[in-house]
Amino acid sequence: MGRFFFIHRRLHFQPMDLQQTLARIRELTDALTEHNHRYYILDDPSVSDAAYDALLRELQDLETKHPELKLADSPTQRVGSQPLAGFEQLTHSIPMLSLSNAMDDEELTSFDVRVRKDLELDQLDYVVEPKLDGLGVELVYVDGVFTAGSTRGDGFTGENITKNLRTLKALPLRLRDKERPIPPYLEVRGEVFMGHADFEQLNERQLDQEKQPFANPRNAAAGSLRQLDSRITASRNLLINLYAPGQIDNFAVESHMEFIQALKDWGFPVNDLYELCPTIQNVIQFHNKLEQNRENLEYDIDGTVTKVNRLDYQNRLGIRSRSPRWAIAGKFKARQEITTILSIVPSVGRTGAITPVANLEPVHLGGVMVARATLHNQDEIDRKDVREGDTVVVQRAGDVIPEVVKAILDKRPAKSQPYFIPDRCPACDGHVVRLEGEAKHYCQNISCAAQIKGRIEHFVAKRCLDIDGFGTKLVSQLVDENLIGSIADIYALNLEQLANLERMAEKSALNIMGAIDSSKSADLWRLIHGLGIRNVGEHISKVIANKYGSLQALGEATVEDLEATHEVGPIVARGLVEFFKDSDNLEILGKLSQHGLNPIIDVSARSEGIFSGLSFVFTGKLEHFNRDSARVLVESLGGASANSISKKTDYLVAGPGAGSKIEKANKLGVKILTEDEFRTMVGAE
Ligand SMILES: [Zn+2]
């Protein structure tokens, strides 16, 4: 461990003068930058997370006290900052061109023939790299400090997403000059993308927050990068790899391989799956090898990029109609095959959704053997008329789960029968229902073995019962060791059972027991939300909690009565009635009540709130509220609050720094209030 990494907190008690403070800020910024490089680029950290956090906190404190001393490359910028009203445009000093495509080996071969003919050469080296499936970006460094970044846009002009790019942990805010001098002006290009695990976690969070999940990792990466609020980008764990130069002053290398080495020397993350190929046969071999391996990668690639290695050759070949003549994108093959369906079985997901799955005669598809394919839902089965025994076309779409595209009808066996999803759950034998307006069938037993972990995780989550310390790992441990089989069992746990779990300290066990106990006095809406009833999210939970006042009253409500509730539609109403009809569910609710979990709101004593029927939107910086507390206040007074302005909005409460929402409010004739005016309305002043 070098001297560089070894920085103690200062122990003297005299206040630092400005000069000392600046020196300390520089020292901390350098140390954090170095740790970041070791962690994200070299994968070889030299300090613990706690030690890193301590340095970061010290830097944050100093910067808060002395904002004028904050450095341009300060790692504190990675957490994001205040939302922007919109993106500015940034023009690329050299256009970001697109590549021409080679659809198969033959087209790669003719690319090579043309290149060698133009250069009048018998042989030349190519570099082959994976083509990442993400969003193209350009980064600008002035004197080694990251100063601007933009999307590819139309190739000539992109969006200025500097603030968002700063939050990417692997993106160097300052370049390293130990191995190689840094050019005074440097533009580099690369791809921002998202790994499969982060993509799945993000989509789970989206679903928990009742937001639309992203269709694929590329959309998720693009959506995360193009956020006006960089704090959202900071929370998304985006990856970046650099692979191409833009304009670079005072810099000369002879080949693309050397350029890759320069990127590494400067501390940029580079994808390691590149290869130098002396012949087009080697290019094709490497391309095919990556195609075979793509399923094993933690991220999506959709082909390869082959570049002429020598830069003087690249210059001689030049550009033709917006594509460089010295590079080509090799596309991976469309992945469709024909096979037969051996059987169709229902499979229960974490949320209780039943997906019909076709067991296939195993078939080679895009480098992997595929033995199962999804049929999505009953409507898809009906539409495609897919049956057991059918000969079908299967494909891997969007790099995720293989699906059945269609049945080949003239190969259908004589006595085949249409397939219907059974009305009993294959995991727990519980009732399977399909609500009107829903594509999927669901097992609605809240203790279903296939769903129990997901349901418990939801139940204990912050927006539900908020049981602190009850994380995913603990849920897994408890379910796997048969200590809990339903949400009610959480309240039957004892200290000894918890403390005996592997890696559980007695103090943590005590804390968790305390958190479980205090969750018994949680608000009714939290319990309703925690039950995880289809389509009943946080907001609807609050609405029905306020109307009915107890689980008993809610359980006795009819579809008509529920539908008469403001904001409760027929799908939600029917889902609720179905849920409370289920005897397994009622048993769990009975147990929860026995454990003391039976919150009641006295609805008879409550009058209509002063904001009843009114809708609020908050924007800008508020002094007395944050967005959450303002929302809770409005809701407690019978009003509603939303994130964006629409014709239904009655009031926009705008603090300093409010952006485009003011304009929109004016356009729609929405009344605008200052925070003080709002406080007067609620009687706070
Ligand atoms: Zn089930």
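The values are calculated or read from the model by the stated rules, or taken from the named source; none is laboratory data. Here the structure is a predicted model, which is why all the values come from computation and not from measurement. Methodologically, a virtual Cβ is constructed for each residue, glycine included, from the backbone with ideal geometry; neighbour enumeration extends over all protein chains shown. The accessibility values were calculated without ligands, DNA or RNA, using every heavy atom of the protein model including side chains. Shrake-Rupley method; radii C 1.70, N 1.55, O 1.52, S 1.80 Å.
One table, with the values for the structure above:
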{"quantity": "Residue that is modelled with the lowest pLDDT [pool: residues in segment 607-620 that are over 36 Å from the mean Cα position of the chain (by Cα) and exposed (fewer than 12 other Cβ atoms within 10 Å of the Cβ)]", "calculated": "S607"}
{"quantity": "Scope segment 654-681; condition in contact (Cβ under 8 Å) with a residue 24 or more places away in the chain and part of a loop (DSSP other than H, G, I, E, B); matching residues", "calculated": "G655, P656, G657, A658, G659, V670"}
{"quantity": "Wholly within segment 334-397, strands (runs of 3 or more DSSP E) carrying at least 3 residues that are under 27 Å from the mean Cα position of the chain (by Cα) and within 16 Å of the ligand (Cβ to nearest atom)", "calculated": "353-365"}
{"quantity": "Residue count, segment 550-572 (criterion: within 22 Å of V632 (Cα to Cα) and modelled with pLDDT under 90)", "calculated": "4"}
{"quantity": "Single unsatisfied condition, V475 versus (1) assigned to a helix (DSSP H, G or I); (2) touching a residue at least 60 places away in the same chain (Cβ under 8 Å); (3) open to solvent by less than 40 Å² (accessible area, probe 1.4 Å); (4) away from the ligand (no atom under 16 Å from the Cβ)", "calculated": "(2)"}
{"quantity": "Failed item in (1) within 11 Å of the ligand (Cβ to nearest atom); (2) touching a Gly at 6+ places or on another chain (Cβ under 8 Å); (3) modelled with pLDDT of 90 or more, with H431 passing the rest", "calculated": "(2)"}
{"quantity": "Failed item, numbered, when E438 is tested on (1) of a type outside the set (V, I, T); (2) at pLDDT 90 or above; (3) more than 16 Å from the ligand (Cβ to nearest atom)", "calculated": "(2)"}
{"quantity": "So V682, is it under 20 Å from E623 (Cβ atoms) and either β-branched (V, I, T) or open to solvent by 70 Å² or more (accessible area, probe 1.4 Å) (or both)", "calculated": "yes"}
{"quantity": "Residues satisfying the stated conditions in segment 191-212, i.e. surrounded by fewer than 15 Cβ atoms within 10 Å (Cβ to Cβ) and either of a type in the set (K, R) or in contact with a helix residue (DSSP H, G or I) (Cβ under 6 Å, 6 or more places away or on another chain) (or both)", "calculated": "R205, K211"}
{"quantity": "Segment 478-490 - residue that is open to solvent by 10 Å² or more (accessible area, probe 1.4 Å) and over 14 Å from I516 (Cβ atoms) and, of those, nearest to the ligand (Cβ to nearest atom)", "calculated": "G485"}
{"quantity": "Close pairs from segment 414-438: first within 30 Å of T391 (Cβ to Cβ), partner more than 11 Å from the ligand (Cβ to nearest atom) and among the polar types (S, T, N, Q), Cβ under 6 Å, at least 6 apart", "calculated": "I421/Q378"}
{"quantity": "Residues located in segment 523-539, provided they are closer than 17 Å to S636 by Cβ, within 29 Å of the chain's Cα centre (by Cα) and open to solvent by less than 20 Å² (accessible area, probe 1.4 Å)", "calculated": "I528, H529"}
{"quantity": "Residue within segment 274-283 that is in a loop (DSSP other than H, G, I, E, B), out of contact with any Phe, Trp or Tyr (no Cβ under 6 Å at 6 or more places or on another chain) and modelled with pLDDT under 95 present", "calculated": "no"}
